[in-house]
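Taken together, the values in this text are just the output of simple stated rules run on the coordinates, not laboratory data. Computed from a predicted model, the values in this text were never measured in an experiment. FYI the Cβ positions are ideal-geometry reconstructions off the backbone, even for glycines, and counts take in every protein chain you see.
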Amino acid sequence: MALAIALSVTAATGTGIVLTARIVYGMAARRVLPESLANIWRRFRTPGPSTILVGLLIIAITWAYLLTGNVTDVFSNVVSVAGLLFTIFYVMTAATTIVYYRRDVMHDAGSFIMTGLLPFGAAGFLGWVFVKSMMNAPPGQLWSVVSVVAAGVLMTFVARFFFRSEFFGARRESSAG
């Protein structure tokens with residue numbers, strides 16, 4: 001059982017590093033992050049600088065957590081914070097669905113339910129879960145979530161005004177029906 005858990009954690013960590021590194025690479029390629037993170041290593045055909053950065057960040061964050069508390073609290077906080085961040089992500093996804101399909105919502109009953117009512121209900125319910133969870137969260141979880149959200153807002157302003165990312169000049173779309 002211990003071997004299975006160890007292999008599972010190793011695989012999940014490796015996958016997390018690869019996926020996050022590719023997200024960083026994609027953001028750098030669109031000038032949302034520094035362009036040096038968009039370099040591809042010819043030998044391995046991988047985004048080397050972003051992979052190294054993500055790996056170092058994961059190590060640094062893990063050490064910061066481990067030095068400030070015991071292992072049980074660290075894993076509990078990591079799982080809880082990840083859940084809260086995914087909740088925010090799904091609320092934003094539901095809201096985006098409503099905005100994108102805003103022209104189709106009133107076409108018929110099926111469209112109203114699928115592109116209006118269900119995403120709105122999901123966003124409302126998950127928003128309520130998020131608020132209730134944050135009200136009962138210990139300070140470590142609360143500050144972790146606040147820090148991640150604040151870093152995201154700060155990075156958005158840096159990408160918009162410092163890196164002048166093309167993303168912010170893209171034409172806005174919506175479903176054509």
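Calculate the dipole size of the chain relative to its Cα centre from +1 charges on Lys and Arg beta carbons and -1 charges on Asp and Glu beta carbons; express the result in debye to the nearest 20.
For the chain, the charge dipole is close to 580 debye.
Along the charge dipole of the chain, Cβ charges K/R +1 and D/E -1, which of 88, 12, 157 sits furthest on the positive end?
Checked the options; the winner is 157.
Quickly work out the residue 149-to-residue 70 label distance, labels modelled 7 Å from Cα along the C-beta direction, and quote it in nm with one decimal.
The answer from the label model is 3.0 nm.
For residue 102, what residues show an amide H to amide H distance below 5 Å, using hydrogens built from the backbone and excluding near sequence neighbours?
Amide H to amide H, under 5 Å and 5 or more residues apart or across chains, residue 102 pairs with 175.
Projected onto the charge dipole of the chain (+1 at Lys/Arg Cβ, -1 at Asp/Glu Cβ, origin at the Cα centre), which of 130, 49, 3 gives the Cα projection farthest towards the positive end?
The residue sitting farthest along the positive end of the dipole is 49.
From the square roots a ≥ b ≥ c of the eigenvalues of the alpha-carbon gyration tensor of the chain, which class results: rounded (a/c under 1.5), prolate (a/b over b/c), or oblate?
oblate
Quick query: amide H of residue 46 versus all other amide H atoms, modeled in the peptide plane; which residues come in under 5 Å with a sequence gap of 5 or more or a different chain?
Long-range HN contacts for residue 46: 41.
Short version: ³J(HN,Hα) in whole Hz for each residue of the range 41-56, in order, from phi by Karplus 6.51 cos²θ - 1.76 cosθ + 1.60 (θ = phi - 60°), x for Gly and Pro, what are they?
The phi angles translate into 6, 5, 4, 9, 6, 10, x, x, x, 6, 5, 5, 4, 4, x, 5 Hz.
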